[in-house]
Structure formats: C-alpha cells, structure tokens
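Rule-based calculations on the coordinates, nothing more; no lab input. Remember, predicted model here, so these are calculated numbers, not experimental data. Quick reminder, even Gly has a Cβ in these numbers, built from the backbone with ideal geometry, and neighbours come from all protein chains shown.
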Amino acid sequence: MQQEKKYVPFNRVSLPDRQWPDKIIDKAPVWCSVDLRDGNQALVTPMGIEEKLKFFHTLVDVGFKEIEVGFPSASETEYEILRTLIEGNHIPDDVTVQVLVQAREELIRKTFEAVRGAKNVIIHFYNSTSTLQRKVVFGKDMQGITDIAVQGARLIKQLTEEEIARSGMNIRYEYSPESFTGTEIDFAISICEAVMEEMGATKENPIILNLPSTVEMCTANTYADQIEYFCRNMKNRDAAIISIHPHNDRGTGVASAELALMAGADRIEGTLFGNGERTGNLDIVTVALNMFTQGVDPQLDFSNILAIKKVYEECTRMHVPERQPYAGELAFTAFSGSHQDAIRKGYEYMKNSGTAFWEVPYLPINPADLHREYEPVIRINSQSGKGGAAFVLQQTVGYNLPKEMHPEFGNIVKAAADAYGDELTSKQIVELFKHEYIDLTGKYSLLRHRFTELNEADGSVHSRFEGSITIDGVEKYITGVGNGPIDSFFQALEGVGITGYKFVNYHEHAVSSGSDAQGICYIELKKTNGDHIFGAGIHSNINVAALKGIICAINRAEK
C-alpha cells in the first residue's frame, strides 16, 4: 500500500502539562443511550415502532436514565415513536427522553410539538462546526456558524419558556458542536460559550455540552487532550455538563471514552454493542463492564447480558460478533491448551483457597456475573491442551480425572478433533470418554466377584478374591489372595496368565448421591515396556468400580 502524501496528519492540541494520565475512573458517568436514534439510523432496515418500544423498555430495565429516542422533526416515523412513548405512558418518571434537532427554526418548532405531554425532556440541538464542513458544506466563516447556533439557542429558550408556562415540563438543553474533533479547539470553546450565554446556563441549571468525535480522526490520547483543554479553558465550567459521543472509525472508541472520562468528561453517549454509522458508536456495554472489573459500579445492569443481546439482535437485525467483549459467544472461550490449563487451575484455586477475589487467569471477569455459563469457557479443538478436555468432563458430568490421566485422554480428544475437522462439543467429549473407558468392550470382562477377609495367625488381614471373568468370550474361574481387594484381583488374574502389568495408582470419587449413588475409579497401570495405561470403572460398589477400571486398562493396553 503506497502512501501518496494525500492525507493530512491530525493537528494536535498543545497541552504539555496534561493532567489526565494520572487520573483514574472511580465513578460512573451519566449514561445516555442513543440506540433508538443514532443506532437506528445506521440500520439497513430501521426498527419499527414495536421493535423500538421493546428496545426502549430494555434500556430502561438496564438502568438508563437518559435515552435519546429519535429525531422527531426528520420523519413521520421518528415523530410517531415519540408520540407513542408519551401517549402510551411508556416513559418512567425518573427517565428523561432526549430528542435531536438541527439548529433550524422549522425543525425546532416541530420538535417542541413532538415532545408535548412528556415529563422530562432534553432538547439536543447541534450544528456542524468543523473546518472541513465550514469549507465544503456550508461555505460560512466562524461567525456565520456561531450565528446559526446562537439563533437556534434563542428560539429553543423562547419555546421552552412557553412550554413550561403551559405544562410545567422539565426541559433541559444539550448543544453539540458537531464534528468537534475536526473543529479548531478555541473556536469550539467560543461557540459553546456563546450558546451557554444565550441559554443562561448556571451551576444550578447547567447545559449539557456534547463534544462528539463524530468522525474518529485521531488517537485516543489526542481526544483526551482536546477534552482536558476544553474543560480547563472554557468559562463557567461549573455551568456545563461535559458530554462525549465517540465514534469508532479508528477502532479506538472505547479507549477514547475512557481517556476522555479521565480528562474531565461527566457524561457518555453511546449504544449497546457499539452499533452506529460506518464502524459504529462507542460500545457502552464494554465501557461499563470495564469499570465493573475495576471495582467501580457502572450503575447499569448487564448481569443478564445474553438476554440483552437477544433483544438487540432481534430488534436491529444486527449480529454481535463472536469475539465481542463480554457479550460475544466466544468472549470467555479458550481453545489454547496453555490458556485452558491456567483457567482450570484458576477455578481450582478459587474453590480451594476460598479467596474473596476473582483470580482466574485469562478471564478478567467472572462469566457468572453476566449469567454466562462456566461450561463454554473451555472449548475443545485440535489446538487444545491436555487439561481442557478434563475440565469439560469435570464441569459437564463431574468426572475429576487425575492429573496423570490428562495427557492420555487429551491425546484421544485431539485425535478425534483432527478427524472431525472442527471443535468438539461437551457432549461429544463425554461420549468419547465413555466409549474409550466406561463402555469399552475387549478381550476380558468381569462376570462375578466375591471378596473375603482372611485373618492370619500373625494378626494381619488379607483379602481373597473369587470370581469369574471371560477371556475372548470363554468363562474362567479365578481366585487370588493379596494385601487388599486390588492386589488379590491381580493375583487372580496372574493365575490365568494375565501378566505384564504393575499396579501404580488409583483415584476414586462419587459421581452421584442418594440410595443409588455410584462411584468412579481411575486406575493407572504400568506395562513391562514402561508405558503407562489408564482405565476407569463406575459402580455402586467402589471395589467393583476398581476391578472394572483394571479390566478396562488391560483391555485398552491389548486393544
């Protein structure tokens, strides 16, 4: 890709004594969802009234207190949704609806007509101020652009006074110098101050000054410099709520928002999952849950994130990408073997240590806090490691494979994933284990068994095994005496020529409870060539489970 010198580098603000890098985000901003306006206008098929109502109620349930519902002067559809919300009493008393309007007289008057009957309203008016828009679109100088903003503010103030006298409506103001990031910073301050003066903004009745990154044109730190410079150099800072509205053209909308908060912003406008024109708006879900992971209450409830995503996808016909932070299908999924092993050990540490803190590697948030399931955290394909499949068995059916067994079963799963050419589901992994260990048929099988304790003259106690096995379908009676049930069974097997195996270890645990409780036993044997082989058996009698595990291991060795 050849650089032809046709792009002009962004002109940064000079702020050598910037303070924002040392700040931290320690409280939630004021949130304003623009899903129903900015997000809706970016859809291939805009939402209908029923979809907008469903989305609006979802936003209310999440906890938004300010919701931009549309551009009612732009079309009858936009007008109608606002009237439906008002006349249908859909707006809670503690929620403010925000409406957008250009600083043009006929549109402002239509907007005031649309909001009649609402209790709390923000009139959000704007005009474009950037160098490029002044030159290319409007052909006006700075004073001409300022006059548009001030004249719009004057009319809005007049209509507000008339509406308050008529109905007592609570009306607040918001002004946006559209394309703020492309506007000379001192001019942006000047035009906002002129609007503030016209509106009579005070500390007790502040105006919202929204400083949008309408097109993301610079790095996130440069946007933060612009916000800090604006806040430090404007007059009557306490008479304004500084709002930001980042877009995502450079892919850094979330970073821009976080750094802008550190730089002094009080309020954020954005959409769920970042839907918006071009590459999208700021993703409010990500910013809010980033705060949550740092111990800051975002004042928004995303605890059932998948239900919220479902509403979003149904209403917008958009799709949340699989790797989208927090809400994507694969957001908490690890396929890598080393990641899986660390996650598994993290869960074990959490369980065994009793720590009050979330301390699981590779997972910055507990999926359960978002009603995400544990099971899909580790998913298995040919890249997965030895511990991943064991973790899935433990989470799915409660089988706690001993660590020594992980490589053997991991290799079995890897081979299956390679042959399948795709990831394996938890059900497939469980079936693999049962096929390879629990339901395995082979040369040997156990038919009958009986253990008897033998009290020796020297006071020691031995175990006697009596029973029958089949060898290639032929029944053989076997008997043996040993130091315990497993040893006596081995002695009995050796009596019919089944040799070449040394018992190494076994692990056992319950896999169910109640009167029909069963236990599972994992057996490790060592063959004469030095290789280790594992078997598993399940039975209500743990001694029988061990015998079945031994038979399983031998059958697997001779398969």
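Take the Cβ atoms of V215 and S512, set R0 to 60 Å, and the FRET efficiency comes out at 0.50. Angle of helix 542-557 to the longest C-alpha principal axis of the chain, folded into 0 to 90 degrees and rounded to 10: 90°. Full extension of the segment from A368 to S336, taken as 0.36 nm per residue of separation minus the current Cα-Cα distance, would add 9.4 nm.
Expressed as an acute angle from 0 to 90° and rounded to the nearest 10, what is the orientation of the C-alpha long axis of helix 220-233 relative to the principal long axis of the chain? The two axes meet at around 40 degrees. Per the Cα gyration tensor, segment 170-233 maps to an equivalent ellipsoid with semi-axes of 22, 12, 11 Å, ordered largest to smallest. Its residues counted as N, segment 28-316 yields a C-alpha radius of gyration over 2.2 N^0.38 Å of 0.94.
Give the lysines reachable from K54 as a straight Cα distance under 20 Å; neighbours fewer than 8 places away on the same chain don't count. Leaving aside lysines fewer than 8 places away in the same chain, those within reach of K54 are K65, K309, K310. Ranking of Y362, Y326 by neighbouring Cβ atoms within 10 Å, starting from the fewest: Y362, Y326. Separation of segment 210-234 and segment 489-559, taken as the distance between their Cα centroids, equals 68 angstrom. For S445, the residues whose amide H sits under 5 Å from its own are T470, ignoring neighbours fewer than 5 places away on the same chain, with H placed 1.01 Å from N.
Counting beta carbons within 10 Å around each of V285, V44 and listing the fewest first gives the order V44, V285.
Here the Karplus curve 6.51 cos²θ - 1.76 cosθ + 1.60, taken at θ = phi - 60°, turns the phi angles of segment 155-160 into couplings of 5, 4, 4, 4, 5, 5 Hz, with x standing for Gly and Pro.
In the chain, helices alone account for a calculated mean residue ellipticity at 222 nm of -11500 deg cm²/dmol, with every DSSP H run of four or more residues adding -39,500 (n - 2.57). The radius of gyration of the Cα set in segment 389-470, together with its Dmax, comes out at 19.0, 63 angstrom. The radius of gyration of the Cα set in the chain, together with its Dmax, comes out at 34.3, 113 angstrom. Over segment 445-559, the fraction of Cα-Cα pairs per 5 Å bin, rounded to whole percents and listed from the shortest bin up, is 3, 12, 20, 23, 21, 13, 6, 2, 0.
Taking the C-alpha atoms only, the angle from helix 253-262 to the longest principal axis of the chain is near 70 degrees.
Using the Cβ-Cβ distance between Q151 and K110 with R0 set to 22 Å, the FRET efficiency works out to roughly 0.85. Percentage of Cα-Cα pair distances in segment 229-379 greater than 20 Å, rounded to whole percent? That fraction is 57 percent. Remark on G276: its backbone amide H falls under 5 Å from those of N281, a criterion applied only to residues 5 or more positions apart or on other chains, H modelled at 1.01 Å from N. Counted by neighbouring Cβ atoms within 10 Å, the residues C218, C521 run from fewest to most as C218, C521. In this structure, T355 and D418 have a Cβ-Cβ separation that, at R0 = 41 Å, corresponds to a calculated FRET efficiency of about 0.60. When peptides 13-23, 411-421 are sorted by average Cβ neighbour count within 10 Å, with the highest value leading, the order is 411-421, 13-23. Which whole-angstrom value gives the distance between the alpha carbon centres of segment 1-70 and segment 266-340? Spelled out, the Cα-based centre of one part sits 13 Å from the other.
Considering only Cα-Cα distances, which of the following residue pairs are longer than 21 Å: K527/K559; K443/K548; K502/K559; K110/K235? Pairs exceeding the cut-off: K110/K235. Partners of K6 within straight-line reach, counting lysines whose Cα lies under 29 Å from its Cα and excluding those fewer than 8 residues away in the same chain: K135, K140.
Going 7 Å from the Cα of N400 toward and past its Cβ, which residues in segment 343-368 have a backbone nitrogen under 18 Å from where you end up? Taking a point 7 Å out along Cα→Cβ of N400, the residues of segment 343-368 whose backbone N falls under 18 Å are 343-355. Residues whose amide H lies under 5 Å from that of R172, counting only those 5 or more places away or on a different chain, are V121, I122, I123; hydrogens are built 1.01 Å from N in the peptide plane.
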